[in-house]
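The values are calculated or read from the model by the stated rules, or taken from the named source; none is laboratory data. Predicted, not measured: the structure shown is a model, and the values here were computed from it. Neighbour counts are summed over all protein chains in view; Cβ atoms, including those assigned to glycine, are modelled from backbone coordinates with ideal geometry. Areas reflect the complete protein model, heavy atoms only, side chains present, ligands, DNA and RNA absent. Shrake-Rupley method; radii C 1.70, N 1.55, O 1.52, S 1.80 Å.
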Amino acid sequence: MQTFATSSPHVAAIVVAAGLSRRMGAFKLTLPWAGKTVIEQVVLTLTMASLHEIIVVTGHRGNEVEKALAKTPARCVSNPQYESGEMLSSIQAGLAAVAPGVDAALICLGDQPQMEMSTVLALLTEAERTGWRRVIIPSYDMRAGHPIVLPRSLWMQIINTSKTLRDVLRSNADVVNYLTVDTPSILADLDTPDAYQRAKP
């Protein structure tokens with residue numbers, strides 16, 4: 001199994017899990033997935049990758065997410081602006097909740113149970129290789145996906161912006177690295193009932 005040399009306290013995982021699930025027609029984060037729920041599977045993958053600080057940003061039906069994660073090491077924080085529908089507000093809430101001494105944050109999607117541990121480890125290895133100073137974005141077939149690594153040096157810009165994460169990254173393009181991976185799972189999420197049925201194990 002691939003590992004990265006530096007201990008995991010250098011990285012915190014932030015799982016964005018505050019959305020309204022409008023297109024799904026059901027609350028997708030607690031849908032069944034391989035004997036667990038969708039959000040449990042995301043947290044399990046991060047735990048298996050030795051990420052000990054896992055922050056799940058909740059909003060819509062947050063009590064149900066907290067209940068689903070009660071037996072996991074994840075820590076839930078609430079995004080009071082979740083109804084805006086903007087993922088940036090959840091990333092801002094997550095970054096503000098990270099403990100001191102962390103060099104980078106791994107931004108994950110709560111509706112991406114297909115996320116692979118090998119991808120997480122590859123991203124962390126690349127982030128460590130670059131001294132935790134660069135944004136690391138996975139790429140498959142020339143398309144960017146998730147999760148992504150955000151170095152601490154950009155956190156305050158992200159927390160304080162009134163624009164979008166994409167705008168912040170565009171203005172800091174000189175510190176963005178794309179890491180080619182061999183799995184389309186970085187592009188997958190569960191937005192619709194058809195997508196869920198096709199992807200479900």
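Laid out as a table, the results:
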item	result
D (Stokes-Einstein, µm²/s), Kirkwood Cα radius, the chain, 0.692 mPa s at 37 °C	195 µm²/s
Residues listed by number, the range 169-201, amide nitrogen under 14 Å from Lys36 label point at 7 Å toward C-beta	201
MRE, 222 nm, helices only [DSSP H, n ≥ 4, -39500 (n - 2.57), over the chain, to nearest 500]	-8500 deg cm²/dmol
Fraction of accessible area attributable to carbon and sulfur, the chain (%, probe 1.4 Å)	51 percent
Value of relative contact order over the range 60-156, rounded to a whole percent, pairs C-alpha under 8 Å and six or more apart	24 percent
Whichever lysines have a C-alpha closer than 21 Å to that of Lys200, once near sequence neighbours (fewer than 8 apart) are set aside	Lys28, Lys36
DSSP beta bridges in the chain [antiparallel fraction, %, rounded to 5]	30 percent
Largest-first principal axis extents of the Cα set of the range 99-163 (Å)	31, 28, 24
